[in-house]
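A quick write-up on the structure given underneath.
Bear in mind that the values in this text are calculations on the coordinates, not laboratory data. Quantities reported herein were computed from a predicted structural model and do not represent experimental measurements. Note that each Cβ is placed from the backbone with ideal geometry, even for glycine, and that neighbours are counted across all protein chains shown.
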Amino acid sequence: MPLFAIIAFDKPDAGALRAETRPAHLDHLHAIQAQVRVAGPLDGPDGKPVGSLIVAEFAALGAAQAFADSDPYAKAGLFAKVRVSAWRQVVPAA
């Protein structure tokens, strides 16, 4: 299956909203755990999360976009910007 990267950036001062919706977000990720290559927060200079990165296998771009759109973080309005893109692993060789 092809790989897709979901890169999302939080709205400013959204730490409380991120914390409140984190359990539901993790449940959402665990539902596709077998497809996930890597996932975790993007941290700012102070070490606090400022966004999210997910690289996972999806059948097509539309499926990756639908997963991103249904993320509890997205539904709660946490993100200022989300980008879903096809991704190709180069290093280490897959």
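Residues that are in a strand (DSSP E or B), exposed (fewer than 13 other Cβ atoms within 10 Å of the Cβ) and not aromatic (Phe, Trp, Tyr) are absent from the range 44-51. Inspection of the range 53-65 finds a residue satisfying the criterion of being buried (at least 20 other Cβ atoms within 10 Å of the Cβ) and assigned to a strand (DSSP E or B). Within the range 9-30, the presence of a residue that is under 12 Å from the mean Cα position of the chain (by Cα), in contact (Cβ under 8 Å) with a residue 12 or more places away in the chain and loosely packed, with under 14 Cβ neighbours inside 10 Å is excluded.
Selection of the range 71-94 for residues being assigned to a helix (DSSP H, G or I) and free of Cβ contacts under 8 Å to residues at least 60 places away in the same chain yields 72, 75.
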